[in-house]
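K.L.:
The structure under discussion is supplied below as structure tokens; questions concerning it will follow.
The values are calculated or read from the model by the stated rules, or taken from the named source; none is laboratory data. Just so we're clear, the structure is a prediction, and the values are computed from it rather than from any experiment. Backbone-built Cβ (ideal geometry, glycine too); neighbour counts: all protein chains shown. Side chains included, ligands, DNA and RNA excluded: accessible areas come from the protein's heavy atoms. Shrake-Rupley method; radii C 1.70, N 1.55, O 1.52, S 1.80 Å.
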Amino acid sequence: MIKKVFIQIGFWVLAFIITVASAVYQRKTGPTYPITDTQKWGDLHVSYELLRSHGGTGDQPVKISVSDSAVQGDLVYRRYNTNDNWTRVKMDRTADTLSAALPHQPPAGKLEYHIELFNQNETCMIPDKENVVTRFKGQVPGRVLLPHILFIFLGMLFSTRTAIEAFRKDGKTKWLSIFTLLLLLLGGMIFGPIVQKYAFGAYWTGFPYGTDLTDNKTLIAFIAWIIAVGLILGKKKSRIAVIGAAIVTFVVFLIPHSMHGSELDYSKIDAKAVQSDSLVNRNPDM
């Protein structure tokens, strides 16, 4: 009896480790994870953490640490995927920190930016290879975001644990599979769209309404577990279906978080602005 308890605990610990590792990988490889690095410029080592996501109504702060007080900096940015001219903003110095701010954008709006440092003799671009792209989003209340994160994490945990159970000769997967499906339903199909609405103004931007990868991968995992649970309740051979659903869930949750996520089409906004200006010009009394 004690041996069985320790075996069960071991299986849960293994499932937890796999889940945490995949969650960390997904987060750190995503396009909204901050870019952190140290870049050498002459005798200086410039350390920075450049944000690639900003929530709320305010501007996005941009800061960089430069100890040499003779060094000044400009924040250079424009709207992403547009032919806008670059805007240059002088950065303010406070002790060893240079700072400025990117102007607030509508939900799902993106800006691309970099920092240019200069002294009397040289100029340095941070980062040195390509611009940073940041996405703006609405503020998501903790009462919505925390349950979403919790249920999604538990759904992945139960999915992994169910797969381990399915590999056992006498494994019992029925209730583990049902709990997995319910957790994915709560985290991905109920709280997920609510988070999406707060952040980007739409409940669902995946199939069939759009190509948002986060929505679509959640839908794929959910459907896979519907099939697995359906086979279990139908008392049909389900071990392969359970393992398949768990593999699908693991693979889709390895896809970097927010990759190919919601993105504002600035061309549509510009077209509406032009149309509005045209109407005003036609009706000067408006």
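K.L.:
Given (1) of a type outside the set (Gly, Ala, Ser); (2) in a helix (DSSP H, G or I); (3) closer than 24 Å to ILE149 by Cα; (4) touching a residue at least 40 places away in the same chain (Cβ under 8 Å), where does ILE269 come up short, assuming only one miss?
P.N.:
Only one criterion is unmet by ILE269, namely (3).
K.L.:
Another question about this same structure. So which residues in region 192-221 are aromatic (Phe, Trp, Tyr), farther than 21 Å from VAL251 by Cα and not in a helix (DSSP H, G or I)?
P.N.:
TYR203, TRP204, TYR209
K.L.:
Ok, one more. Which one is farthest from PRO106 (Cα to Cα), of the residues in region 43-75 that are outside any strand (DSSP E or B) and open to solvent by less than 40 Å² (accessible area, probe 1.4 Å)?
P.N.:
To start, the set of residues in region 43-75 that are outside any strand (DSSP E or B) comprises 43, 51-52, 56-59, 66-71.
Going one step further and asking which of them are open to solvent by less than 40 Å² (accessible area, probe 1.4 Å), we end up with 56, 58, 66, 71.
Details: GLY56: 10, GLY58: 11, VAL66: 31, VAL71: 33 Å.
Result: VAL71.
K.L.:
With the requirement that a residue be at positive phi and over 28 Å from the mean Cα position of the chain (by Cα), what does region 223-272 give you?
P.N.:
To start, the set of residues in region 223-272 that are at positive phi comprises 235, 258, 260.
Scanning region 223-272 gives a single hit, LYS235.
K.L.:
Applying the selection to region 86-106, what residues are surrounded by 19 or more Cβ atoms within 10 Å (Cβ to Cβ) and assigned to a loop (DSSP other than H, G, I, E, B)? Don't jump to the end; show me each part of the working.
P.N.:
Taking region 86-106 first, the residues surrounded by 19 or more Cβ atoms within 10 Å (Cβ to Cβ) are 91, 98, 100, 102, 105.
Once the filter is applied, which keeps residues that are surrounded by 19 or more Cβ atoms within 10 Å (Cβ to Cβ) and assigned to a loop (DSSP other than H, G, I, E, B), region 86-106 yields MET91, GLN105.
Here is a yes/no grid of residues against (1) basic (Lys, Arg); (2) within 26 Å of the chain's Cα centre (by Cα); (3) over 29 Å from LEU154 (Cα atoms):
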{"position": "GLY10", "(1), (2), (3)": "no, no, no"}
{"position": "GLY42", "(1), (2), (3)": "no, no, yes"}
{"position": "TYR48", "(1), (2), (3)": "no, yes, yes"}
{"position": "GLY73", "(1), (2), (3)": "no, no, yes"}
{"position": "ASN81", "(1), (2), (3)": "no, yes, yes"}
{"position": "MET91", "(1), (2), (3)": "no, no, yes"}
{"position": "THR97", "(1), (2), (3)": "no, no, yes"}
{"position": "GLU112", "(1), (2), (3)": "no, yes, yes"}
